[in-house]
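S.K.: Below: one structure in structure tokens.
The values are calculated or read from the model by the stated rules, or taken from the named source; none is laboratory data. All of these numbers come straight from a predicted model, not from anything done at the bench. Note that we place each Cβ from the backbone using ideal geometry, even for glycine, and neighbour counts take in every protein chain shown.
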Amino acid sequence: MKARILWIEGKRADSPSFIPILRKKGYRIETVSSGAEALKRLEDVNPELVVVNAASMRTSGRRICRSLREKMNGVPIVTISAAGESLKGDPCVNVALTLPFTARKLLNRIRPLLPSDDDKVQRVGPICLDMERLRVECDGKEARLTPRVALLLKIMLDNPGEVLEREALFRKLWKTEYTGDTRTLDVHMSWLRRAIEVDPRNPRYIKTVRGVGYRLDI
């Protein structure tokens, strides 16, 4: 599961766009055409990186970067500037690139700014779980999870094909020995199905084993 990038880019015809290349690499890019629109979308997109293509908007991008930094301190900002307009040295900018440069150079500069997938993402079959970001992706469908639903999915991913007893799941999720009422588990399982199944009422992956528990079929 690649990182989410909020990309600010105008419509200046002579400015190259790197968006198609990054999307081919798997990055999830949300595009906006102005700094004001970017500020409105921050909460919805929750980006791990912001790219300000100032060269495409006939602006230095300095004001945009400062406004973004005030709203999201800690999220890396990359700027793309026309020749002679670099923001290198600006405290609001993590990486300042000046045209012309290659897509490879852009990729090499943004990778260190993004969290590594290696130790935070678990993949089993078509299911990709990111425990740090509390997100799951399956068959092209992506959803945000609550911490407990994410833990429930992780337990199932750790035991694909095995029947997990309801009481055992309940104990692990709620860290309790009391298993007198496991209906709450059923509710969480229904939320998980909505997150990963195309048709939650006829689940393909999370199967109910009557009288016993649940099984993840991959």
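S.K.: For segment 84-126, which residues satisfy the criterion of being over 19 Å from L22 (Cβ atoms) and in contact with a Pro (Cβ under 7 Å, 6 or more places away or on another chain)?
M.R.: V124
S.K.: What residue, of D117, D90, is within 24 Å of the chain's Cα centre (by Cα) and either modelled with pLDDT of 90 or more or more than 17 Å from L6 (Cβ to Cβ) (or both)? Working first, answer last.
M.R.: Working: D90 fails: within 24 Å of the chain's Cα centre (by Cα).
Going through D117, D90 in turn, the sole match is D117.
S.K.: Identify, by number, the condition in (1) without any contact (Cβ under 8 Å) to a residue 24 or more places away in the chain; (2) part of a loop (DSSP other than H, G, I, E, B); (3) not basic (K, R) that T184 doesn't meet.
M.R.: Of everything listed in (1) without any contact (Cβ under 8 Å) to a residue 24 or more places away in the chain; (2) part of a loop (DSSP other than H, G, I, E, B); (3) not basic (K, R), T184 misses just condition (2).
S.K.: Any residue in segment 198-210 that's farther than 17 Å from P126 by Cα: show its pairings with residues that are among the hydrophobic types (A, V, I, L, M, F, W, C) at Cβ separation under 7 Å, as long as the two are six or more apart or on different chains.
M.R.: V209/V163
S.K.: Looking only at segment 100-132, which residues are without any contact (Cβ under 8 Å) to a residue 24 or more places away in the chain and of a type in the set (D, E, K, R)?
M.R.: R104, K105, R111, D118, D119, K120, R123, E132
S.K.: If you go through segment 33-49 one residue at a time, do you hit one that is in contact (Cβ under 8 Å) with a residue 40 or more places away in the chain, in contact with an Asp or Glu (Cβ under 9 Å, 6 or more places away or on another chain) and of a type in the set (A, V, I, L, M, F, W, C)?
M.R.: Yes, some residue in segment 33-49 is in contact (Cβ under 8 Å) with a residue 40 or more places away in the chain, in contact with an Asp or Glu (Cβ under 9 Å, 6 or more places away or on another chain) and of a type in the set (A, V, I, L, M, F, W, C).
Every residue, every condition in (1) at pLDDT 85 or above; (2) touching a Lys or Arg at 6+ places or on another chain (Cβ under 6 Å); (3) not assigned by TED's automatic domain parsing to the domain that holds K207, yes or no:
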{"site": "I127", "(1), (2), (3)": "yes, no, no"}
{"site": "L145", "(1), (2), (3)": "yes, no, no"}
{"site": "L152", "(1), (2), (3)": "yes, no, no"}
{"site": "V163", "(1), (2), (3)": "yes, yes, no"}
{"site": "R171", "(1), (2), (3)": "yes, no, no"}
{"site": "K175", "(1), (2), (3)": "yes, no, no"}
{"site": "G180", "(1), (2), (3)": "no, no, no"}
{"site": "R183", "(1), (2), (3)": "yes, no, no"}
{"site": "V187", "(1), (2), (3)": "yes, no, no"}
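S.K.: Go through segment 8-27 and give me each residue that's in contact with a strand residue (DSSP E or B) (Cβ under 7 Å, 6 or more places away or on another chain), of a type outside the set (G, A, S) and free of Cβ contacts under 8 Å to residues at least 60 places away in the same chain.
M.R.: Selection gives I8, E9, I19, R23, Y27.
S.K.: How about segment 150-207: which of its residues are among the hydroxyl-bearing types (S, T, Y) and within 26 Å of the chain's Cα centre (by Cα)? Steps first, answer last, please.
M.R.: From segment 150-207, those among the hydroxyl-bearing types (S, T, Y) are 176, 178-179, 182, 184, 190, 205; that's our starting set.
Matches in segment 150-207: S190, Y205.
S.K.: Here is a follow-up. Give me the pairs: first residue in segment 150-162 and within 14 Å of G125 (Cβ to Cβ), second residue among the aromatic types (F, W, Y), beta-carbon distance under 9 Å, and six or more apart or on different chains, which are they?
M.R.: M156/Y205; M156/Y214
S.K.: Answer with yes or no whether R194 is surrounded by fewer than 17 Cβ atoms within 10 Å (Cβ to Cβ), modelled with pLDDT of 90 or more and closer than 30 Å to R28 by Cα. Give the derivation first.
M.R.: Values: surrounded by fewer than 17 Cβ atoms within 10 Å (Cβ to Cβ): yes; modelled with pLDDT of 90 or more: yes; closer than 30 Å to R28 by Cα: yes.
When the stated conditions are applied, R194 passes them.
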